[in-house]
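Contents: one structure, followed by commentary.
The values are calculated or read from the model by the stated rules, or taken from the named source; none is laboratory data. The structure presented is a predicted model; accordingly, all values stated were derived computationally and were not measured. No Cβ is skipped: glycine too gets one built from the backbone with ideal geometry, and neighbour counts run over all protein chains shown. Quick note on the areas: whole protein, heavy atoms, side chains included, nothing else; ligands and nucleic acids left out. Shrake-Rupley method; radii C 1.70, N 1.55, O 1.52, S 1.80 Å.
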Amino acid sequence: MNWIRRFLESRFWALAVKEVQQILKNKQFIFLLLFPPTIQLLILGFALDPSVTHLSLGVLDYSRTEESRELVSALTENDIFWVKTAPHRKENLVEDVRTGTITTGLVIPPEFRQDIADGKTAKVQVFIDGVNANTAGIASGYMQQIVREYSRNLNVPPPDPLVNTQVRFLYNPGLMSTWFFVPGVMGLVLTLTGSLVSSITLIREKDVGTLEQLLMTPAAAWEILAAKIAPLFVLLMGDVFLAAGIGLVVFHLPFRGNFAWFLLFSGLYVVVAIGLGMLLATLSKTQQQVVLTSFFFNVPIIQLSGAVAPIESMPLFFRVVSFADPLRHYVAIARNLILKGTGIEPILPNAAALAFFAIVLLGVSINRFRAQLS
Amino acid sequence: MFRRILAQCQKELAQFRRDRLTVALAFLLPLGMMLIYGFAIRLEAQNLPISVQDFDRSPLSRTYIARLFATNQFIPVRSGESPTDSLDRGDAIASVVIPPDFSRKIKADKDVDVQVLVDGSDVNNARVVQNSIRATTNFFIQTNQLQPPAERSVDAEVRLWFNPGLREALYIVPGAFAVVLWVFPSMLSAIAVVREKEQGTILQVYSSDLTSFEWLLGKVMAYVVVAAGEATLVMGVAILLFRMEFATNPLPLLVGTFVYLLSSVSFGTFIGVRSSNQNAAVQGTAIAGFLSSFLLSGFIYRIDNIPFPLSLICNIIPARYYILITRDAFVRGTGWIGIWYAPIIILAIGCLLFLVSTKIMSKMQLKE
């Protein structure tokens, strides 16, 4: 029991207790630890949905027959399209696409039924708003696929295809987009909160000048910094639990992997975020500068991590750069442990990268701090 | 009165110029963000890594594999021992398994199953993979005359408007204008307001006969000037770099940008008068401004997909309307017809934010 007493009487412990008291007294700090992460997780989790459904469709049906109505209902059946306008003149339909009222316009010609009955190829016209390149591409694909399907069903016995593609979705069989985004957003939240909170605690002491006072105390520089980091680490681990809790309760994430590993690597990433915040604090002189520079760093870190936009689609240069992004590795780990649950081996390279970033960031920032203090 | 506002505005600009670092950040940050968005964000699925296990190893199965990779949408990666290996490791997004009796069964006119395992964690990519593997298989069947082509009696003649080449920069870059020009001007004006509170210079304002309206309007004018500089820089660079061209007369864009900057700066003053220190102000603008203009504006993800209570918020986000204006100016080109209402809504939101700010400030002012 002796070592416990020694630990409790150490300077590190006294400094750490002081630090915790200071943090708990600061309401803004508590707010910062709880409010932004919750809001970010909820808004990002619910709002990010790349699926292409409910495309607004304008239908101009000159044919007005059973066949043309069947075609329209085939389009709207799976919630991919929904009929928003049904103008009577072509100019109105064109105008609707032009002004962006509808994304797709369909014109069914008067001879539609007759052509099908005669065995001729009936042509329908489709206009698609191409402003959103991605949506337009997908909409055009769906449109052709559904029309082809409809057309095939007109030939009474549809021939069986000789080669079947049996597709099975692993890890996320229901294709829930929140399952993909929420683990990424967890990493994003830890980055933003962790770097901000740690840079602010350090810069404030520098700003107000109390860091010099701390230096007058008999504690060593590393003790001062360790006493600053340890409470932050504990509090940010609280954010990890908060994020995991929201993921489980609100978004029903499966957490297929080992939860202990998840905590361990999240802890490692928290250290990376704290190191990043400390580095920012050594780069700036005032609070205003530190928040601006953190913005400067955080935007590329988030954009290149694959948390919001897929890495595979980036140009080669950015795909390579993204390897130097610690968040990329954490997001990969979180997605693996939450969705795949494959065990530790596939994520070892990412874990090693995180450890590397943690050591480098902490090492560099502690050194710079020591240089600035003495 | 107008002279006093102008004097306030000039004082503010002089102060801004003196702070070299802030001036540098005010122009470098938007530019950097613009470049990242313009270059790095691509939503279209490309270069998707796929592993193939070919147990048949016949000329026919090799033709099939060649078909898969002929579209440049997929790139081959090595598969592991079992089909799920490459997926578990995250090396591949899908794994195609061709059974040993592939060519034998096809030649005997029997059905054959090609198994495709898809990593469903990225939903969008998963759907794209499923569709294009199916399409490739159909194409393979047709080109190898394995089946008489189904008689197609209905044909859709699809025409893409405005962006026939489907260039994604045309979609991303005008949207990025809205995010960049919302986040940074508001951040600068929020700092300008809160700094006076923090440094106590606001007491001088209280004791002068300057009204809160005049004080804030002077600040707003000054930062609209700065923001106009940012807008010119960002748009100029983007037009040169991403080969953007005006699709219509630029007047709606000019008017729209002016009211948008007004609204953005007013949002900043609103956050500024509400917060007690610079940190809170910058975080407020960064988090609230960034989230709203990035996520709820239709910049990347379609507004139609946002669920009900959140979707209501979208309607009061100026970025949402400004994106309509920029996309119209650079891509759609309908001029005033399609977007006449957008500047009006933006202006209304901006005025509201400004008036609320003056209300809050006047409450704090000393009564005579």
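Worth pointing out:
- Per-pair calculated FRET efficiency, R0 = 30 Å: B:Arg17 and A:Phe296 via Cβ, rounded to 0.05: 0.90
- Averaged over B:290-301, number of beta-carbon atoms from partner chains that fall within 10 Å: 3
- Positive dipole terminus of the protein assembly as shown, leading residue within B:Gln15, B:Val237, B:Asn305 (C-beta point charges): B:Gln15
- Taking the C-alpha atoms only, the angle from helix B:341-364 to the longest principal axis of chain B is near 40 degrees.
- Taking θ as phi - 60° and the Karplus parameters 6.51, -1.76 and 1.60, the scalar couplings of segment B:75-84 work out to 10, x, 10, 6, 8, x, 6, 10, x, 7 Hz in sequence order, x denoting glycine and proline.
- For residues of B:278-289, the mean tally of beta carbons on other chains within 10 Å: 5
- Remark: accessible area buried at the B-A interface is about 9400 Å², both chains counted, probe radius 1.4 Å.
- For chain A, the solvent-accessible area works out to 43 Å² per residue, with a probe of 1.4 Å and every protein chain left in place.
- Chain B: antiparallel DSSP beta bridges as a percent of all, rounded to 5: 30
- Per-peptide average of other Cβ atoms within 10 Å, ordering B:108-120, B:236-248 highest first: B:108-120, B:236-248
- Averaged over the residues of peptide A:314-323, the number of Cβ atoms from other protein chains lying within 10 Å of each residue's Cβ is 2.
- Taking θ as phi - 60° and the Karplus parameters 6.51, -1.76 and 1.60, the scalar couplings of segment B:65-73 work out to 5, 4, 4, 4, 8, 6, 7, 6, 7 Hz in sequence order, x denoting glycine and proline.
- Using Cβ point charges alone (K and R +1, D and E -1), the dipole size of segment B:58-164 about the Cα centre works out to roughly 320 debye.
- Highest mean packing comes first when the peptides B:338-349, A:96-107, A:50-61, B:204-215 are listed by Cβ atoms within 10 Å, giving A:96-107, A:50-61, B:338-349, B:204-215.
- Bridging of A:Lys206 to lysines at a Cα separation below 28 Å is possible for A:Lys18, A:Lys25, A:Lys27, A:Lys228, A:Lys285, B:Lys197, once same-chain residues fewer than 8 apart are set aside.
- Cα-centred dipole magnitude for segment A:80-143, charges only on beta-carbon of K, R (+1) and D, E (-1), debye, nearest 20: 40
- Percent of beta bridges antiparallel (DSSP, the protein assembly as shown, rounded to nearest 5): 20
- Computed magnitude of the charge dipole of the protein assembly as shown (debye, nearest 20; Cβ of K, R +1, Cβ of D, E -1): 1920
- Among the protein heavy atoms of segment B:4-85, carbon and sulfur supply 56% of the accessible surface, probe 1.4 Å, non-protein parts ignored.
- Karplus-based coupling profile of segment B:231-248, in residue order and whole Hz: 4, 4, 4, 4, 5, x, 4, 5, 5, 5, 6, 9, 6, 8, 9, 5, 8, 8, with θ = phi - 60° in 6.51 cos²θ - 1.76 cosθ + 1.60 and x standing for Gly or Pro.
- Net charge, A:Glu19 excluded, C-beta distance under 14 Å - Lys, Arg +1, Asp, Glu -1: +3
- Peptide packing: for B:12-23, B:57-68, A:305-316, the average count of neighbouring Cβ atoms within 10 Å per residue gives the ranking A:305-316, B:57-68, B:12-23, highest mean first.
- Between A:Tyr150, A:Ile23, A:Phe265, the Cα set farthest toward the positive side of the dipole of chain A (charges on each charged residue's Cβ, about the Cα centre) is that of A:Ile23.
- Taking label positions 7 Å along the Cα-Cβ direction at both B:Leu28 and A:Glu66, the computed distance is 7.2 nm, reported to one decimal.
- The spacing between segment A:297-374 and segment B:218-291, judged by their C-alpha centroids, is 31 Å.
- Farthest toward the positive end of the dipole of segment B:40-145, out of B:Ala66, B:Val129, B:Val116, is the Cα of B:Ala66, where the dipole comes from beta carbon charges about the Cα centre.
- Between A:Leu263 and A:Glu111, residue separation times 0.36 nm minus the direct Cα-Cα distance comes to 48.2 nm.
- On Cα atoms only, tilt of A:177-208 relative to the major axis of chain A in degrees: 30
- Only protein atoms count toward the accessible area here, which uses a 1.4 Å probe; on segment A:264-322, the carbon and sulfur part of that area reaches 80 percent.
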